[in-house]
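**Q** Submitted below is the structure of interest, expressed as structure tokens.
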Amino acid sequence: MDKTFRGAAEMTAAMTILGTIGLFVVLSGQAAVDVVFWRCAFGALALVLICGAQGLLRRKISLKKLAIAAVGGVAIVVNWAMLFSAYGEASIGVATAVYNTQPFILVGFGVLFLGERITATKLGWLGIAFAGVLMIVQAKPGSVDYAGSNYALGIALALGAAFFWAVAALLTKKLTGTPPQLIALIQVCVGILMLAPFVSWNALPEGGTAWGALLTLGAVHTGIMYILMYGAVQKLPTYLQGAFSFIYPVVAIFVDYVAFGHRLQPLQLVGAAAIIVAAMGMTFGWRLIRRKVPVGAS
């Protein structure tokens, strides 16, 4: 089987799995902090097995890199908690669409902390994405059951989750050469230590559905998803990695509709499409305005 084809299949599977994460968060019936804790706990077990099988547990890592990975773990845990909380207020589809403003926040960090330059084209895509967020904020939920009691709070939580994802991504840039599976293991271990004092130990999940959802979030959405995603990254060129990443929000919106009947309103659909297209434009370096070729030029 062709290497690129295998990578495409792995990335498609990884992004499809990621797109279903909201469903299992809701099925667990737990508060966001509890869901994140159990995802970290079960994810750590899965990643220990993965890293052990790959011989990564014997790999040495400097204290500096360990500290950077740990701080990144704090950012990832806050990111998950905010995103999972956003599901209950703004719905899975809307929260995921807004969450995909991540690339623009990361670009802003690059300008502020890495000395990178921002072009007029990137500013244009940022403006389109911002307009998409405004459309989603202004749109009214389709029914009383569509979202939680505070729709605007859900949007804010999704934006906050995107911010902390960008923080973690910025820190990860400083971990070049460290196996990503090992970074993920460090991050979920940090999550366990960070959230253990806040878990509802007196009201643990009840029933097979809740525990099954939490186990799936840890083993599948963390362990297996990492194997597929990082396997694909090794086989695909960067531009294709970016292309397949946009499967995630599309699957999330579809799952939200099929599982919970949450249909995006027309203005929400336009806003979500604007964010996704703008993120694609940013990722692939699309130009908003084509330069005119002088007459007579060949």
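Readers should treat all values here as calculations from the given coordinates under stated rules, not as data from a laboratory. Everything numeric in this text was worked out from a predicted model, so none of it was measured. For neighbour counting, all protein chains shown are included, and Cβ atoms are generated from backbone atoms with ideal geometry for every residue, glycine included.
**Q** Could you list all residues from the stretch 16-40 that are among the aliphatic types (A, V, I, L, M) and either buried (at least 22 other Cβ atoms within 10 Å of the Cβ) or on the phi > 0 side of the Ramachandran plot (or both)?
**A** I21, V25, V35, V36, listed by residue number.
**Q** Moving to a separate point now. Taking helices (runs of 4 or more DSSP H) that fall entirely within the stretch 36-143, which contain at least 3 residues that are in contact (Cβ under 8 Å) with a residue 60 or more places away in the chain, within 30 Å of L204 (Cα to Cα) and among the hydrophobic types (A, V, I, L, M, F, W, C)? Full working, then the answer.
**A** On the way: elements: 63-90, 92-99, 102-113, 120-138.
In the stretch 36-143, the matching helices (runs of 4 or more DSSP H) lie at 63-90, 92-99.
**Q** Here is a follow-up. Which condition breaks for A152 when tested against (1) of a type in the set (G, A, S); (2) under 26 Å from F260 (Cβ atoms); (3) surrounded by 17 or more Cβ atoms within 10 Å (Cβ to Cβ)?
**A** Status for A152: all satisfied but (3).
**Q** Next question, about the same structure. From the list G208, G261, which residue is more than 30 Å from L134 (Cα to Cα) and either touching a Leu at 6+ places or on another chain (Cβ under 7 Å) or not acidic (D, E) (or both)? Don't jump to the end; show me each part of the working.
**A** On the way: G261 fails: more than 30 Å from L134 (Cα to Cα).
From the options G208, G261, the qualifying one is G208.
**Q** Further question: Kindly provide the set of residues from the stretch 11-32 that are in a helix (DSSP H, G or I) and either free of Cβ contacts under 8 Å to residues at least 40 places away in the same chain or more than 17 Å from the chain's Cα centre (by Cα) (or both), ordered by number.
**A** From the stretch 11-32, those in a helix (DSSP H, G or I) are 11-19, 21-28, 32; that's our starting set.
Matches in the stretch 11-32: L27, S28.
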